[in-house]
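Student: Starting off with a structure, shown below.
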Amino acid sequence: MQNIIATKLAVTFNEVFKNTKDPLIVRSPGRVNIIGEHTDYNDGFVLPAAIDKAAYIAITLRDDDEIHLLAFDLNETFSTSLKDLKPVEDISWPNYILGAVAQFAKKNIPLKGFNAILSSDVPIGAGLSSSAAVECATVFALNTLLHTNFSKIEMVQMAQKAEHEYAGVMCGIMDQFASIMGKHNHVIKLDCRSLDYEYVPFKLDGIKILLLNTNVKHSLASSEYNTRRQECEKAVAWIQVFHPEVNSLRDVSEVMLDEYVLPKDKLIDQRSRFIVQEINRLQKGCEDLIKGDINALGKKMFATHDGLSNMYGVSCKELDYLVDFVRNNDTVIGARMMGGGFGGCTINLVKEDSIEQLLMQIQPAYEKATGLQLDYYIASIEDGTRIIK
Ligand code: GAF
């Protein structure tokens, strides 16, 4: 698959840009997250992994300041100049690339213009981090071509800043970390405060990761995401008055919420209580995984979904429908909505030999209930960002 994409991009590149030089081609994957949702920007833990769907960038430097981009799958072009580097308003995809370029500029790296083609098989708006994949591919490619020697962690942080500054989503660090640092058949237990991480083997005999895509792309996703972040910060600020040592919800207990947040605002209490519980749940879920108690982990995934839906308010009726549909199915070990929310995919751990039957039941039922098509992907866990050519 990678070779086919690399050849397709290289051929198109030479046709479009009439280049004599072969482009550098970098692949950067999307991600899944087993448990630990919305915990990253609260200094908590997450448990993501890079998957077999990825963004690809084919790129060569130019001798002038011009930037010429082609989005292969959309058949759209965009051109600008390094002198005019700023977020674009009417189309989103160039921003993920330009946001990455801007990080080099901010570090006073002498830049050059470039030609690039972008292609991706990470479905857009499915909660699989299609934008992080593009940001990471771009940062990684420029780091190589400009010989800047940034470490992988520095590149993760630059890609995250690209999302903040050019896409306007104040995301945590999980998506970019998973894309760059992913490891075949392992999930990453990441402490989002210290950035310490541990690879935990995730090779479950007879169980597969099934992603069910609601095909709902909620327009509120980025504004509500930023609102959730502010709600969490508000709870921290109220607690800090009495406990100045508290820096984030990572440092907060449910007793503190009872005392300082619940009496002030029920909604902020629900939001922050979910995060405190979720940080705790991830720690226990990770122990389950290490012990091989996959059923216990699965139960926690359902509990995470219920918290995201009822307390954190980031689910939607289509996501709830899919999780409720599999809740009492013995072949589904665990299921929940995944990523920022308001649409996108559910992640399901399903016994491999039952997937076909499950799909035969759930696809028509979902389509009947919602009028939307239900797409699915069986994800495998792969390595993070790599040069492929
Ligand atoms: C999005 C964000 F980009 C991540 O940082 C994370 O907060 C996630 O939503 C929710 O866990 O993917």
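The values are calculated or read from the model by the stated rules, or taken from the named source; none is laboratory data. All values reported here derive from a predicted model rather than from experimental measurement. Note that each Cβ is placed from the backbone with ideal geometry, even for glycine, and that neighbours are counted across all protein chains shown.
Student: Just one of (1) in contact (Cβ under 8 Å) with a residue 60 or more places away in the chain; (2) more than 16 Å from the ligand (Cβ to nearest atom); (3) of a type in the set (Phe, Trp, Tyr); (4) assigned to a helix (DSSP H, G or I) trips up residue 96, so point out which.
Tutor: Only one criterion in (1) in contact (Cβ under 8 Å) with a residue 60 or more places away in the chain; (2) more than 16 Å from the ligand (Cβ to nearest atom); (3) of a type in the set (Phe, Trp, Tyr); (4) assigned to a helix (DSSP H, G or I) is unmet by residue 96, namely (2).
Student: Going by the conditions given, is residue 9 buried (at least 20 other Cβ atoms within 10 Å of the Cβ), assigned to a helix (DSSP H, G or I) and either within 16 Å of the ligand (Cβ to nearest atom) or in contact (Cβ under 8 Å) with a residue 24 or more places away in the chain (or both)?
Tutor: Judged against the criteria, residue 9 is a match.
Student: Report, by residue number, each residue of region 324-339 that is free of Cβ contacts under 8 Å to residues at least 60 places away in the same chain and either closer than 27 Å to residue 177 by Cα or surrounded by fewer than 17 Cβ atoms within 10 Å (Cβ to Cβ) (or both).
Tutor: Across region 324-339, the qualifying residues are 324, 327, 328, 330, 331, 334, 335.
Student: Another one. Starting from region 116-132, keep only residues that are at positive phi, then list their pairs with residues that are part of a strand (DSSP E or B) and more than 11 Å from the ligand (Cβ to nearest atom) whose Cβ atoms are within a distance under 7 Å, requiring at least 6 positions of separation or different chains.
Tutor: 125/217; 125/343; 127/345
Student: Right, here's the next one. Could you tell me which of the residues 190, 146, 142 is among the hydrophobic types (A, V, I, L, M, F, W, C) and more than 27 Å from residue 118 (Cα to Cα)?
Tutor: Working: 146 fails: more than 27 Å from residue 118 (Cα to Cα); 142 fails: more than 27 Å from residue 118 (Cα to Cα).
Of the residues listed, the single one that is among the hydrophobic types (A, V, I, L, M, F, W, C) and more than 27 Å from residue 118 (Cα to Cα) is 190.
Student: Follow-up question, since we're still on this one. Out of all the residues in region 51-74, is one or more within 16 Å of the ligand (Cβ to nearest atom) and either over 29 Å from residue 109 (Cβ atoms) or among the charged types (D, E, K, R) (or both)?
Tutor: Yes: region 51-74 contains one or more residues that are within 16 Å of the ligand (Cβ to nearest atom) and either over 29 Å from residue 109 (Cβ atoms) or among the charged types (D, E, K, R) (or both).
Student: Given the options 29, 87, name the one that is more than 16 Å from the ligand (Cβ to nearest atom) and in contact with an Asp or Glu (Cβ under 8 Å, 6 or more places away or on another chain).
Tutor: So the residue among 29, 87 that is more than 16 Å from the ligand (Cβ to nearest atom) and in contact with an Asp or Glu (Cβ under 8 Å, 6 or more places away or on another chain) is 87.
Student: Could you figure out which of (1) hydrophobic (A, V, I, L, M, F, W, C); (2) part of a helix (DSSP H, G or I); (3) closer than 28 Å to residue 316 by Cα isn't true of residue 141?
Tutor: In the conditions (1) hydrophobic (A, V, I, L, M, F, W, C); (2) part of a helix (DSSP H, G or I); (3) closer than 28 Å to residue 316 by Cα, residue 141 misses (3) alone.
Student: I need a count of the residues in region 344-377 that are surrounded by 15 or more Cβ atoms within 10 Å (Cβ to Cβ) and either polar (S, T, N, Q) or closer than 30 Å to residue 9 by Cα (or both).
Tutor: Result for region 344-377: 10.
Student: Take residue 35 and decide whether it is at pLDDT 95 or above, buried (at least 16 other Cβ atoms within 10 Å of the Cβ) and under 18 Å from residue 383 (Cβ atoms). So that I can check it myself, show each step before the final result.
Tutor: Details: at pLDDT 95 or above: yes; buried (at least 16 other Cβ atoms within 10 Å of the Cβ): yes; under 18 Å from residue 383 (Cβ atoms): no.
In short, no.
Student: Starting from region 199-215, keep only residues that are small (Gly, Ala, Ser), then list their pairs with residues that are exposed (fewer than 15 other Cβ atoms within 10 Å of the Cβ) and not in a loop (DSSP other than H, G, I, E, B) whose Cβ atoms are within a distance under 7 Å, requiring at least 6 positions of separation or different chains.
Tutor: 206/352
Student: Go through (1) of a type in the set (A, V, I, L, M, F, W, C); (2) assigned to a loop (DSSP other than H, G, I, E, B); (3) surrounded by fewer than 19 Cβ atoms within 10 Å (Cβ to Cβ) for residue 153 and report which single condition fails.
Tutor: All conditions are met except number (2).
Student: Somewhere in region 142-153, is a residue within 13 Å of the ligand (Cβ to nearest atom) and either of a type in the set (S, T, N, Q) or within 15 Å of the chain's Cα centre (by Cα) (or both)?
Tutor: Within region 142-153, none of the residues are within 13 Å of the ligand (Cβ to nearest atom) and either of a type in the set (S, T, N, Q) or within 15 Å of the chain's Cα centre (by Cα) (or both).
Student: Using the structure shown, decide if residue 209 is modelled with pLDDT of 95 or more and more than 16 Å from the ligand (Cβ to nearest atom).
Tutor: Yes, satisfied.
Student: Out of everything in region 119-138 that is part of a helix (DSSP H, G or I), buried (at least 24 other Cβ atoms within 10 Å of the Cβ) and of a type outside the set (Asp, Glu), what residue ends up being farthest from the chain's Cα centre (by Cα)?
Tutor: Checked region 119-138; the qualifying residue farthest from the chain's Cα centre (by Cα) is 138.
Student: When region 99-115 is examined, which residues are found to be of a type in the set (Gly, Ala, Ser), surrounded by fewer than 24 Cβ atoms within 10 Å (Cβ to Cβ) and either assigned to a loop (DSSP other than H, G, I, E, B) or in contact (Cβ under 8 Å) with a residue 40 or more places away in the chain (or both)?
Tutor: 102, 113
Student: Can residue 46 be described as at pLDDT 95 or above, over 11 Å from residue 384 (Cα atoms), among the aliphatic types (A, V, I, L, M) and within 10 Å of the ligand (Cβ to nearest atom)?
Tutor: Spelling it out, residue 46 is indeed at pLDDT 95 or above, over 11 Å from residue 384 (Cα atoms), among the aliphatic types (A, V, I, L, M) and within 10 Å of the ligand (Cβ to nearest atom).
Student: I'd like the full set of residues that are among the polar types (S, T, N, Q) and under 14 Å from residue 279 (Cβ atoms), limited to region 300-321.
Tutor: Scanning region 300-321 gives a single hit, 304.
Student: Out of all the residues in region 154-190, which are more than 16 Å from the chain's Cα centre (by Cα) and within 15 Å of the ligand (Cβ to nearest atom)?
Tutor: 165, 166, listed by residue number.
Student: Exactly one condition in (1) closer than 21 Å to residue 232 by Cα; (2) in contact with a strand residue (DSSP E or B) (Cβ under 7 Å, 6 or more places away or on another chain) is false for residue 183; which is it?
Tutor: (1)
Student: Is there a residue being aromatic (Phe, Trp, Tyr), under 27 Å from the mean Cα position of the chain (by Cα) and buried (at least 23 other Cβ atoms within 10 Å of the Cβ) anywhere in region 53-67?
Tutor: yes
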